[in-house]
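A.B. asks: Below are the structure tokens for one structure; questions will follow.
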Amino acid sequence: MAKENQTTSLPQFILLGFSDLRALQGPLFWMVLLVYLVTLLGNSVIILLTQVSPALQSPMYFFLRHLSVVELLYTTDIVPRTLADLASPCPRAISFQGCTAQMFVFIVLGISECCLLTAMAYDRYAAICRPLHYSTLMNRKACLTMVGTSWLMGIITATTHSSLIFTLPFPSHPVIPHFLCDILPVLRLASAGKHRSEVSVMTATVVFIMIPFSLIVTSYARILGAILAMASTQSRLKVFSTCSSHLLVVTLFFGTASITYIRPQAGSSVTVDRILSLFYTVITPMLNPIIYTLRNKEVTGALYHMMKRHVSSP
């Protein structure tokens, strides 16, 4: 009986979404829908190409395939619900369990992406700075271990955060001024005991944003040193071109994540938070496959050959 009473007393969260910006809801709905469809198509193409193309079987494309899987799941966790909210004239409720599940998946995928980008930076370092040992350093077992560790770190962090945040007391009718159950907006609703969760959030921010970013910077500092040591300008450009796509994706991901989670709470606003979140949850997953396709000759070539075979086949 006690358990039943506890379950029925769980609050329903109201996601404000963009309901306070009525004039923008219609245009935002079509924009988010279009971006989501492009994201599904782009990442699906990357997954297919890296799976079937013989030219895309190196560790770099193995990580890229898993990154695209994360991006697909990441947007699917958020966008369908966001589209339903944008189609509604009034804010819609999300159950306590639904909010918990969305945040859990959101954290798992966000941390996994963070770790995968770090693994991809190490792959570039090994390929450029230690080419003679590359096949040993980046063998299949090592790649699988890195991917598995990325998912494990995401699951551990999500479990810790969710258990800390959703055991806090909330108001009977909590309103989240956001379009998803993100960590900080939900945490700010708690009426007591927030300190331990705030400490946990800041610790995870340092561990899973600053440390991976520092490792990526270290990898690229060594890569830059190796590039500058090359005598041929053509060799420098060729090596740099293999890193440029990853660098751009890293800048987009860590830039928006750092601004969102590290900037002081006093300097934040609801509108800015939603715009930043819209960018890194909806726009960035669409841009990643476009960046890797347009700036990578191997991916472009594999896509051309696949399309050519498809068109020429009876």
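A.B. asks: Positive end of the charge dipole of the chain (Lys, Arg +1 and Asp, Glu -1 on Cβ, about the Cα centre): tell me which of THR256, ILE183, PHE213 has its Cα farthest that way.
C.D. replies: PHE213
A.B. asks: Okay, next question. Tell me, for the chain, which Cys residues have no other cysteine's C-beta sitting closer than 4.7 Å.
C.D. replies: That list is CYS90, CYS114, CYS115, CYS129, CYS143, CYS243.
A.B. asks: For the range 107-173, just the Cα set please: Rg and Dmax, both in angstrom.
C.D. replies: 17.3, 62
A.B. asks: If you don't mind, there's one more thing I want to ask. For TYR261, what accessible surface area do you get with a 1.4 Å probe? Give it in Å², rounded to 10.
C.D. replies: 30 Å²
A.B. asks: How much of CYS90 can a 1.4 Å solvent probe reach, expressed as accessible area in Å² and rounded to 10?
C.D. replies: My reading of the accessible area for CYS90 is about 70 Å².
A.B. asks: Right, next: Over every pair of different alpha-carbon atoms in the chain, take the mean of 1/r and invert it; report that Kirkwood radius in Å.
C.D. replies: That comes to 21.2 Å for the chain.
A.B. asks: If you plug each phi of the range 144-159 into the Karplus form 6.51 cos²θ - 1.76 cosθ + 1.60 with θ = phi - 60°, what whole-Hz ³J(HN,Hα) values come out, in order, with x for Gly and Pro?
C.D. replies: Computed from phi, the couplings for the range 144-159 are 5, 5, 5, 5, x, 5, 4, 5, 5, 4, x, 5, 4, 5, 5, 5 Hz.
A.B. asks: For the peptides 60-73, 145-158, what is the packing order when you average, over each peptide's residues, the other Cβ atoms within 10 Å and list the highest mean first?
C.D. replies: Top of the packing list down: 60-73, 145-158.
A.B. asks: Summarise the accessible area of the range 1-119 (1.4 Å probe, protein heavy atoms) by the percent that is carbon and sulfur.
C.D. replies: Exposed carbon and sulfur together represent 71 percent of the surface.
A.B. asks: Rolling a 1.4 angstrom probe over the protein chains, ignoring ligands and nucleic acids, what is the accessible area of HIS133 in square angstrom, nearest 10?
C.D. replies: Counting only protein heavy atoms, the figure is 100 Å².
A.B. asks: With contacts defined as alpha carbon pairs under 8 Å and 6 or more residues apart, what's the relative contact order of the chain in percent?
C.D. replies: Reported relative contact order: 26 percent.
A.B. asks: Same structure, new question: Could you give me the radius of gyration and the Dmax of the range 1-143, taking only the C-alpha atoms into account and expressing both in angstrom?
C.D. replies: 20.8, 66
The values are calculated or read from the model by the stated rules, or taken from the named source; none is laboratory data. Predicted model only: the values in this text are computed from it and were never measured. Counting neighbours? That spans all protein chains shown, and the Cβs are built from the backbone with ideal geometry, glycine included. Heads up: the accessible areas ignore ligands, DNA and RNA and are worked out on the full protein's heavy atoms, side chains in. Shrake-Rupley method; radii C 1.70, N 1.55, O 1.52, S 1.80 Å.
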